[in-house]
Amino acid sequence: MSLLDHHSVHGAPALDAGDRPALLAQVPGWQAIDGTIAREFTFRDYRETIAFVNAVAWLAEGENHHPDLTVGYRRCLVAYTTHSAGNALSMNDFICAAKVDALYAQRTGA
């Protein structure tokens with residue numbers, strides 16, 4: 001079953017370190033950095049960047065799992081961690097990363 005087939009759950013526990021590599025392999029382009037997974041997305045212009053940011057915001061509200069976003073003119077860095085799991089990675093982070101990838105692909109054809 002794909003990560004896209006799952007939804008975030010409230011109170012998701014932190015993942016064991018051994019579970020992370022297989023999940024990270026399912027979200028190419030994302031990197032594990034200091035208890036987060038993060039990926040930078042690039043766009044043609046600011047308007048496309050902001051449209052993506054708004055789409056990620058809607059996704060985050062629907063999943064009740066919110067990333068940190070760093071927005072620039074033609075780029076957006078998306079970073080996930082699970083605060084309720086002690087700022088560690090949970091399955092929610094990987095589910096949402098996969099869904100953000102799908103949004104990006106849909107918007108850019110990438």
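The chymotrypsin sites (Phe, Trp or Tyr not before Pro) of region 1-92 meeting both criteria, a DSSP state outside H, G, I, E and B (loop) and at most 10 other C-beta atoms within 10 angstrom of the site's C-beta, are TYR73. Considering only ILE37, ILE50, ILE95, give the residue with the highest GNM mean-square fluctuation for the chain, with springs between Cα atoms whenever their separation is below 10 Å. Result: ILE50 has the largest fluctuation of those listed.
In the chain, the convex hull through the Cα atoms has an average projected area of 6.4 nm², a quarter of its surface area. With the charge dipole of region 13-108 set up from +1 on Lys and Arg Cβ and -1 on Asp and Glu Cβ about the Cα centre, the Cα lying farthest toward the positive end among the listed residues PHE52, PRO13, GLY86 is that of PHE52.
Read-outs: derived from the displayed coordinates by stated rules, not from any lab. Note that the coordinates shown come from a computational prediction; the quantities given were computed from them, not determined experimentally. With ideal geometry, Cβ positions are generated from the backbone for all residues, glycine too; neighbour counts draw on all protein chains shown.
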